[in-house]
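Here the structure comes first, spelled out in structure tokens, and everything after it is commentary.
The values are calculated or read from the model by the stated rules, or taken from the named source; none is laboratory data. Since this is a predicted model, take the numbers as computed values, not measurements. Glycine gets a Cβ as well: all are built from the backbone with ideal geometry, and neighbour counts include every protein chain shown.
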Amino acid sequence: MQAIKFTAAILAFGLTAAASAGAAPQAGITIDTAHPGPVINKNIYGQFAEHLGRGIYGGLWVGPESKIPNTRGWRKDAVGALKALHVPVVRWPGGCFADQYHWREGIGPRNKRPVKVNTNWGGVEESNAVGTHEFFDLVDQIGAEAYVNGNLGTGSAQETAEWVEYMTSDSQSTLARLRAANGHPKPFRLAFFAIGNEAWGCGGQMTPEYYTNLYNQYSSFIHASHMPTLIASGGNDSDLAWTDYLSKNLRGNGGGITFHYYTLPTGNWEKKGSATGFGEDQWFSTLKATLKMDDIITRNVAKLEQNDPAKKYSFVIDEWGTWYDQSPDANSGILQQQNSLRDAVLAALNFNIFQAHADRVSMANIAQMVNVLQSMILTEKDKMVLTPTYHAFKMYVPFQDASSLPVKIEGNPQYGFGNEGIPMLSASAARGKDGALYLALVNTNPNESIEVAVDVAGGKAVSASGSVLTADAMDAHNTFSQPDAIKPEAVSASASGGKLTLKLPAKSVSVFTVNQ
Ligand code: AHR
């Protein structure tokens, strides 16, 4: 067996194969290519863009008159980066904002739209410059599907039905003609439509019973020749009651039931922990907290299996990611945070979890795409920077719509901190749409590399090539003055006797193509 060969760039991290030979913990992986599992829905790599802080205004939308290069108001740099990320679906306009959003205020000439106050997020003025037409233009420019979140909290069944008619009708109805008069004669392609958001909280403090009655009422009046997949707003964190009740009592043809889970370093909403400048205690606690996602999905999916064996409903995690104390330099109420190597490792752990549940998890939307919480992109005026999380998403692109493959890990060492531990290695494999074999590996340990012997059951590996994301510091991040402080580097390895040995640096994410 031959140890992995890092490129010159990787050697710059001081991680020479020779330097750590013999010292690294070891594990074994077997990929079963003969028994492919379910297809990994590309929509688990979905995004979320809310009218919150600079998530839309400034970060994506600058307006057609801006000096910042834009296409019909959407900034070219951000759209180009998101297109390169193969974003499959974007959720909009919220979040909590969705339940205060009235779609009629966001159509027609922009200078005539009413200015409102965004009471959820900072009490700032909402110009309504970005409305339905602008949103569909954005997803068209990115090449993504549209996931629109309807207003259950302050809306009505009629307003909801009419919005869907406005977006989708190919008739000559007054609403379809209004859409044409506003510049879009053809129906928009609406792939997903949610009825409310976090109905247990900001969406109206409802019980599952009350929400379900409203969902059944609202959904009864939604008609379209190309019906969007309807999404019901479900539970949060470790609460199973919503999934349980909804999957028994929702009426209609099925669709998705949502779930939200945010990862906080401390678990305390009053003092969540900082995005950078943290110690190993919070590296560990954050990764440990995010691994709870596996248990959350397992227990919710068990409820779905029990109540909905026909699989009418899938599980949609339409908000997830890290939530830290707000950046000290950001205005209050706008949830802006930095993004470091820790976020990328955490994202990859979640990808591996979602992929392991590909059978029933049909979509996930990280919160949020630009400038808010765990973002892909940060902007400041005309400057833009890609985050480590962006790089993790890009590395996993080959897994979109790939066929999952069973992976067995043997002898997975623990990464211990204090009296606790988490698995050091996380892995996921799939046969890509291009026929190639992909293997994603995460080393959670910030102090030690790990040597992984990879066996392809029923076949022989010849070599592997791909990329690795790591850095010296746990909180390595990109800034406007150093936009490439952390980015993936190329990596390759050759096999001996059909087996590969891959050495994964401490605190790293790697994605390989395994050549057979
Ligand atoms: O993503 C930020 C907020 O978190 C969303 O608006 C809300 O749905 C959740 O509580």
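Quick notes on this one:
- Entry remark, segment 378-389: residues being under 15 Å from Gly80 (Cβ atoms) and either hydroxyl-bearing (Ser, Thr, Tyr) or within 16 Å of the ligand (Cβ to nearest atom) (or both) number 1 in total.
- All conditions but one from (1) surrounded by 18 or more Cβ atoms within 10 Å (Cβ to Cβ); (2) of a type in the set (Lys, Arg); (3) more than 29 Å from Asp401 (Cα to Cα) apply to Arg75; the one that does not is (3).
- Pair list, Cβ under 6 Å, 6 or more apart: segment 229-255 residue free of Cβ contacts under 8 Å to residues at least 60 places away in the same chain, other residue among the basic types (Lys, Arg) and surrounded by fewer than 22 Cβ atoms within 10 Å (Cβ to Cβ): Gly254/Lys312
- Answer residue from segment 43-57, given it is outside any loop (DSSP other than H, G, I, E, B) and buried (at least 21 other Cβ atoms within 10 Å of the Cβ) and is nearest to the ligand (Cβ to nearest atom) among those: Phe48
- Filter result for the condition that a residue is more than 16 Å from the ligand (Cβ to nearest atom), closer than 20 Å to Ala144 by Cα and surrounded by 20 or more Cβ atoms within 10 Å (Cβ to Cβ), over Trp61, Trp92: Trp61
- Of all residues in segment 99-119, those that are surrounded by fewer than 21 Cβ atoms within 10 Å (Cβ to Cβ) and within 25 Å of Gly201 (Cβ to Cβ) total 5.
- Selection from segment 245-269 of residues that are within 26 Å of Leu341 (Cβ to Cβ) and more than 19 Å from the chain's Cα centre (by Cα): Thr266, Gly267, Asn268, Trp269
- Test for Leu291: is it more than 27 Å from Met424 (Cβ to Cβ) and of a type in the set (A, V, I, L, M): no
- With respect to the conditions (1) part of a loop (DSSP other than H, G, I, E, B); (2) within 14 Å of Ala232 (Cβ to Cβ), Pro185 falls short on a single one, namely (2).
- Matching residues in segment 195-254 - criterion: being surrounded by fewer than 15 Cβ atoms within 10 Å (Cβ to Cβ), within 14 Å of the ligand (Cβ to nearest atom) and small (Gly, Ala, Ser): Gly201
- Hey, Val462 in contact (Cβ under 8 Å) with a residue 40 or more places away in the chain and either surrounded by 17 or more Cβ atoms within 10 Å (Cβ to Cβ) or in contact with a Phe, Trp or Tyr (Cβ under 7 Å, 6 or more places away or on another chain) (or both) or not: no
- Taken over segment 95-107, the residue count meeting the criterion of being touching a His at 6+ places or on another chain (Cβ under 9 Å), away from the ligand (no atom under 16 Å from the Cβ) and not aliphatic (A, V, I, L, M) is 1.
- Number of the exception - Lys303 against (1) surrounded by fewer than 22 Cβ atoms within 10 Å (Cβ to Cβ); (2) within 16 Å of the ligand (Cβ to nearest atom): (2)
- Residues that are among the small types (Gly, Ala, Ser) and modelled with pLDDT of 95 or more number at least 1 in the following strands (runs of 3 or more DSSP E) confined to segment 301-411: 313-322, 361-367, 403-405.
- The residues of segment 212-243 that are part of a helix (DSSP H, G or I) and in contact with a Leu (Cβ under 8 Å, 6 or more places away or on another chain), listed by number, are Thr212, Leu214, Tyr215, Asn216, Tyr218, Ser219, Thr243.
- Scanning segment 169-192 turns up no residue that is within 14 Å of the ligand (Cβ to nearest atom) and within 30 Å of Ile44 (Cβ to Cβ).
- Output for segment 138-154, where each listed residue is buried (at least 18 other Cβ atoms within 10 Å of the Cβ) and in contact with a Lys or Arg (Cβ under 7 Å, 6 or more places away or on another chain): Ile142, Ala146, Tyr147, Asn149
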